[in-house]
Amino acid sequence: MDGVALCARFSIATNRLQFCGPSDAEPALYRAITAGEGRAEARQHLSRFEALMPYLEAIGRKHGLDPFDRQVVEAYWIGNSLLDSMNAADFHLLLEALAQRGLPRSLARRLEEHLPARPLFHHAFHVSFVGVGNVTGHVETTLRNMEACRPAWGTVRARDGAKLTVERSTWAVRNGQLLAGPPKWVEVSYDSRVVPEAGVGTTVALHWDWPALQLDSAQRSALEEYSRRSVESANEALSGLHALS
């Protein structure tokens, strides 16, 4: 699986919901995921996802890699060592790029004023710090939407037809701070062409209740670790930025 296909796995759910990206992107993203075809077309569509590309471009630029290199895409959606050298100066440049793609300038200035010492170029940090939907204006920043939008991990407990029962990780809010909540069992629809081996006991990554990817043990550990670090960093600023509900 190359970086375009990996990125499409996480991006297709929000495109179907018409939250992100061009309205006609879904067919090309699905072909890239399931058939490995039309990568150039899928890449072109993904490059128009408003909040996504500034992150991929920033990570790639820092490490001399193409924005759709698999390592870059994996860093943003799952987490890997490419994120460890990204710093606050890099994030200031990122906020400018996000502002050019729709983030209100007034919010960009507030984010700059509250920027934590160690911001992460990870989707969980984007969700919790920049806020769900603040670039496109299509989604309200609430705990429920943050839970749906951040890449969560879950263990498949049952598989029945086109449904999976997944014991998934959760977030909770206490005193204006994000923290890990108790695992929750949810039933979600899945596509057997996307996660064909997602049987009982396997781990999947969820994005807007869409099983995007079956995770191996190293990927699950990375997603847990970088999600934890994202929350810890965002918590430095949350009380001054978002009233979580």
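Can you give me the relative contact order of the chain as a percent, contacts being Cα pairs under 8 Å and 6 or more apart? Can you show the working numbers first?
Details: 441 pairs, mean separation 45.3, N = 245.
Relative contact order here is 18 percent.
Volume per residue for segment 171-235 equals 99 cubic angstrom (convex hull of Cα atoms). Dipole magnitude for the chain: about 300 debye, using +1 per Lys or Arg Cβ and -1 per Asp or Glu Cβ, origin at the Cα centre.
For the chain, modelled as a GNM whose springs connect Cα atoms under 10 angstrom apart, the maximal fluctuation among L93, L115, L29 occurs at L93. What you get for segment 100-232, charging only the Cβ of Lys and Arg (+1) and of Asp and Glu (-1), is a dipole of about 300 debye around the Cα centre.
For segment 38-161, what class follows from the C-alpha gyration tensor (a ≥ b ≥ c being the square roots of its eigenvalues): rounded when a/c is under 1.5, otherwise prolate if a/b is larger than b/c, else oblate?
Details: a/c = 1.44, a/b = 1.17, b/c = 1.23.
In terms of gyration-tensor shape, rounded.
Roughly how many debye, to the nearest 20, is the charge dipole of segment 166-234 about its Cα centre, given +1 on each Lys and Arg Cβ, -1 on each Asp and Glu Cβ, and no other charges? Present the calculation step by step, with values, prior to reporting the outcome.
Values: 7 positive and 9 negative charges, 48 e Å.
The calculated dipole for segment 166-234 is roughly 240 debye.
If r is the Cβ-Cβ distance from Q100 to T142 and R0 is 22 Å, what FRET efficiency results, to the nearest 0.05? The calculated FRET efficiency here is 0.25.
Give the accessible surface of the chain per residue, rounded to a whole number of Å², with probe radius 1.4 Å and ligands, DNA and RNA excluded. It would help to have the intermediate numbers written out before the result.
Numbers: 10430 Å² over 245 residues.
In whole numbers, the chain has 43 Å² accessible per residue.
Taking square-rooted eigenvalues a ≥ b ≥ c of the alpha carbon gyration tensor, is the chain rounded, prolate or oblate, where a/c under 1.5 means rounded and, failing that, a/b exceeding b/c means prolate?
Details: a/c = 1.60, a/b = 1.20, b/c = 1.33.
Verdict is oblate for the chain.
Considering only C-alpha atoms, what is the centroid distance from segment 170-230 to segment 6-48, in Å? For segment 170-230 versus segment 6-48, the Cα centre distance is 21 Å.
Determine, from the Cβ-Cβ distance of L179 and L93 and an R0 of 25 Å, the FRET efficiency 1/(1 + (r/R0)^6), rounded to the nearest 0.05. Walk me through the numbers before you get to the answer.
Working: r = 30 Å, r/R0 = 1.20.
E(calc), rounded to 0.05, equals 0.25.
When a 1.4 Å probe is rolled over the protein heavy atoms, the share of accessible surface on the chain that falls to carbon and sulfur comes to 47 percent.
The values are calculated or read from the model by the stated rules, or taken from the named source; none is laboratory data. What you are looking at is a predicted structure, and each value in this text was computed from that prediction instead of being measured. Please note: Cβ atoms are built from the backbone with ideal geometry, for glycine as well, and neighbour counts cover all protein chains shown. SASA here: full protein model, heavy atoms, side chains in, ligands and nucleic acids out. Shrake-Rupley method; radii C 1.70, N 1.55, O 1.52, S 1.80 Å.
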